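Heads up, the thing below is written out as structure tokens.
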Amino acid sequence: MTLSVEARARLLASRKQIVTAVLTPETDAWYRQISSSQRIAYDQRHAAWLVFGYADVQQVLLDTDTFSSQRALKPDGSVDEVAGAGILGMDPPRHRKLRSLIAQAFTQKRVAQLEPRIRAIASQLLDRMEAEGDPDIVSGLAFPLPVMVIAELLGVPIEDAPRFRSWAAHAVGEDYELRVQAFAEIAAYFAELIAGRSRNPRQDLMSDLLQATCDGDHLSPAEVIGACLLLLIAGHETTATLIGNALWCFDEHPEAQTDIVATPELLGGAIEEVLRFRPVVHWIPRVVMRPVRFLDQDLEEGDLVLPLFAAANRDPALFPDPERFDIRRSPNRHVGFGYGIHLCLGASLARLEARIALAEIFNRFPTMRRDRSETLQLRPSAFIFSLRRYPVHLHPPG
């Protein structure tokens, strides 16, 4: 099914506007206020329908015929593999086949084999931070750790890390034109690298993506670019933000950090609660493919729908006492990594990196405290809830 010309035009206008509604620390309270009286609401700032409840969010994510992921389209209406961030902007059946190809190269075994290297990188970064005195966790550890890991995994030069950070900032930022430019620059960057790998394969994920097959099919060059773009941006953005958000939660709930330092086995559950309580990604939009009556509202072809992961994670129908940060919460079926066919492919790597980084911090600096002389600020983004900086005192006096 494809959208009409009129629906595509409306979709493009909404996509340009949607990124301007920047998240703030008060966003969760705003979700609660609106969702207390309605299950769905049209928001002019986002130019989209907002869906709040856990079960309703699940329905949107599972019904790909009605609510499509194909929001980035070329002028002819076909899917833009690059601007849509690869499989993140695709529907079945093509999504299913491409995800299976990427999964062949990005396996659980491969992720598990990275643990010694992740631990070594984290240790080196913490050594450097300690030598600096009282550093910023975001720039000193949370950002460089996953960038170094994903760069080595993909086979891209680590000296290009400053460019990755700039591209990521624009790709998730509030300026639509800069976002488009960032995606174009990333695509050109990977196109050159992929051309080289096609001639001379290496022992890296990029080469594996080029060689993977499913029913005799290979990924096209554009699809490999989309996959690499997704892994680079999401592969470091998720972990970098998760580490900062976790420390922020522990600072607000010091008893949680005390319990984790005393009982390290609690860290895994604590990370899951961070993903519920302060998720990295607040929403990924879906496109209405046909006129439909949904939750007593009439939605039109080309409308944008935002399934709000962050609101669903506070739904009292599924999470008792949802405003309480509880590192022992069980079960904890949050949607911090999405749900359904687009469940984050790199979730296991993000969890591993965050667990290693936080464990190393607590092992080496069990009394570390946030530097309260600096007010915490969010990076400007409509859907990524991420700190600019997290300054700390590694060895606070007294």
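Each value in this text was obtained by applying a stated rule to the coordinates, not by laboratory testing. Bear in mind the structure is a predicted one, so any value in this text is a computation, not a measurement. Positions of Cβ are backbone-derived with ideal geometry, glycine not excepted, and every protein chain shown enters the neighbour counts.
From helices alone, the chain scores -15500 deg cm²/dmol at 222 nm; the rule is -39500 (n - 2.57) for each run of n ≥ 4 DSSP H residues, then divide by the residue total.
Using C-alpha pairs under 8 Å with a sequence gap of at least 6, the mean separation divided by the residue count of region 247-398 gives a relative contact order of 24 percent. Between Ser78 and Arg388, the contour length at 0.36 nm per residue exceeds the alpha carbon distance by 108.0 nm. The length gained on full extension between Arg293 and Asp175, counted as 0.36 nm times the residue separation minus their Cα-Cα distance, comes to 39.2 nm.
The residues Trp248, Trp283, Trp49, when put in order of fewest to most other Cβ atoms within 10 Å, stand as Trp248, Trp49, Trp283. Computed extension gain for Ala191 through Thr367, at 0.36 nm per residue and net of the alpha carbon distance, reaches 58.7 nm. Each Lys or Arg adds one and each Asp or Glu subtracts one; over the other residues with Cβ under 14 Å from the Cβ of Ile118, this totals +1.
Around Gly235, under 12 Å between beta carbons, what's the net of Lys plus Arg minus Asp minus Glu among the other residues? After counting each charged neighbour, the total is -3. Would you mind counting up the charge near Arg351? Only other residues with Cβ under 14 Å from its Cβ, with Lys and Arg at +1 and Asp and Glu at -1. That sum, taken over residues with Cβ under 14 Å, equals -2. Ordered by the number of other Cβ atoms lying within 10 Å of each residue's own Cβ, fewest first, Tyr42, Tyr176, Tyr339 fall into the sequence Tyr42, Tyr176, Tyr339.
Taking a ≥ b ≥ c as the square roots of the eigenvalues of the Cα gyration tensor, the chain is classed as oblate, since a/c reaches at least 1.5 and a/b does not exceed b/c.
From least to most packed, judged by other beta carbons within 10 angstrom and beginning with the fewest, Asp76, Asp303 follow the order Asp76, Asp303. Starting from the Cα gyration tensor of region 1-119, take the square roots of the eigenvalues, sort them a ≥ b ≥ c, and report rounded, prolate or oblate (rounded when a/c is under 1.5, otherwise prolate if a/b is larger than b/c, else oblate). Cα axes put region 1-119 in the oblate bin. The modelled label-to-label distance for the pair Asp134/Thr24, using points 7 Å beyond Cα in the direction of Cβ, is 2.9 nm.
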